[in-house]
Amino acid sequence: MLLAKIHLATAAIQTTQARYTDADKNYDAAWTILQRNQLEQSTIAAEALHGKGMVALQQRKYGLAETMFNQVLSFPLVDRYTKAST
C-alpha cells in the first residue's frame, strides 16, 4: 500500500509539471498494486483513477477520462458519501 501511495504522489507531482506520460505510468503502477491487494474499491484507488482521468483530460482523451470518472463514481464509498451529503 505504501508503494501505491508513493506512485500516486509521484504522479501528482509529474502532473503539475505537465509530464503526463510519466504521470500516467505512475497512476497505472499504483492501480496495479491496488488490484493485486484487492483494494480496487478503496479511497486510494479512487484517487488513482481520478488522477488518471485528469491526465487523460490534459491529453484530450475525453473518452478515457469519462471512463475513469464513471468508474470512481460507481464505487460504493462514493455512493455512501453522496447519500450522506444530500
If we take the stretch 9-86, then helices (runs of 4 or more DSSP H) inside it with 1 or more residues that are surrounded by 14 or more Cβ atoms within 10 Å (Cβ to Cβ) and at pLDDT 85 or above are 20-36, 43-58, 62-73
Checked pairs for the stretch 21-39, first among the hydroxyl-bearing types (Ser, Thr, Tyr), second open to solvent by 20 Å² or more (accessible area, probe 1.4 Å) and part of a helix (DSSP H, G or I), C-beta under 8 Å and 6 or more apart or across chains, list as Tyr27/His7; Tyr27/Lys52
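The values are calculated or read from the model by the stated rules, or taken from the named source; none is laboratory data. From a predicted model like this one, the values you see are computed outputs, not experimental measurements. Counting neighbours? That spans all protein chains shown, and the Cβs are built from the backbone with ideal geometry, glycine included. Just the protein is used for accessible areas: all its heavy atoms, side chains included, with ligands, DNA and RNA removed. Shrake-Rupley method; radii C 1.70, N 1.55, O 1.52, S 1.80 Å.
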